[in-house]
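Inspection log for the structure reproduced underneath, given as structure tokens.
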Amino acid sequence: MEVPLNPLGREEIHRLESILLFATLFRPEVIELIKDPAERLTWVDSLAVAAGAIAREKAGMTVGEIAEELGRTEATIRKHLKGETKAGQLVRETYELIKQGKLDELVKNVEVLSKGGQLVAMEEYEKLRKEKEELEERIRTLEEENHELKAKLENVRKVLGDALERIKEIEKLL
């Protein structure tokens, strides 16, 4: 799914906001910053506000509209949008990295997570899907071979049964 870099409507704004937040959170330097439990909630909140502000800015909303919608002051929103806060800088960088296509794999995984799925590398998923298809085909082939072997075995039993009958008849004649 494509990232709505200039969102139109609430759904696209929320999708860009989520992608910006999660893609920023999963960047290695941000993971380092939020390792301290005392700082974690503050960081997550600041990143969420910055992601919300930038997503809405890209949708063409004014600073006042963004502040009202996010429940923050216009000064706070301006600081995030201008990159005067560390959270604003990080989310803005993430936006630029997404725009340049440098976070495509991460964005795909964020999309999977946002739909309730599990984080799986796409290459690994494709490899496993192909392996599953090959195994299913092998099972079908083995089932067909098994059916053919059962038919042959039944034929051998019949021939053997007939041979035993003849042996008994020959023994009677002898």
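The values are calculated or read from the model by the stated rules, or taken from the named source; none is laboratory data. Just so it is clear, the structure is predicted and the values come from calculations on it, not from any experiment. Virtual Cβ from ideal backbone geometry, glycine too; neighbours counted across all protein chains shown. To get the accessible areas, we keep the full protein, side chains included, count just its heavy atoms, and leave off ligands, DNA and RNA. Shrake-Rupley method; radii C 1.70, N 1.55, O 1.52, S 1.80 Å.
Data for the structure
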| read-out | value |
| --- | --- |
| The chain - percent of accessible surface contributed by carbon and sulfur, probe 1.4 Å | 55 |
| Karplus 3J(HN,Hα) series, Hz, for the stretch 159-174 with 6.51 cos²θ - 1.76 cosθ + 1.60 (x for Gly, Pro) | 4, 5, x, 4, 5, 5, 4, 5, 4, 4, 5, 5, 4, 5, 6, 7 |
| Whole-number accessible area per residue in Å² for the chain, which is evaluated in the context of all protein chains at 1.4 Å | 70 |
| Angle between the chain longest axis and helix 86-99 axis [Cα atoms, degrees, rounded to 10] | 50 |
| Correct option for Kirkwood radius over Cα pairs in Å [calculated from the coordinates] among (1) 16.3; (2) 20.6; (3) 18.8 | (2) |
| Longest DSSP-loop-exposure-free segment, GluC sites (Glu not before Pro), the chain, at most 16 other Cβ within 10 Å | 85-174 |
| By accessible area with a 1.4 Å probe, ligands and nucleic acids excluded, highest first: order of R129, R10, R157, R166 | R166, R157, R10, R129 |
| Sequence of H80, H147 from largest to smallest accessible area, 1.4 Å probe | H147, H80 |
| Chymotrypsin sites (Phe, Trp or Tyr not before Pro) within the stretch 1-63: DSSP coil, no more than 14 neighbouring Cβ in 10 Å | none |
| V3 accessible area, 1.4 Å probe, all protein chains in place, Å² to nearest 10 | 20 |
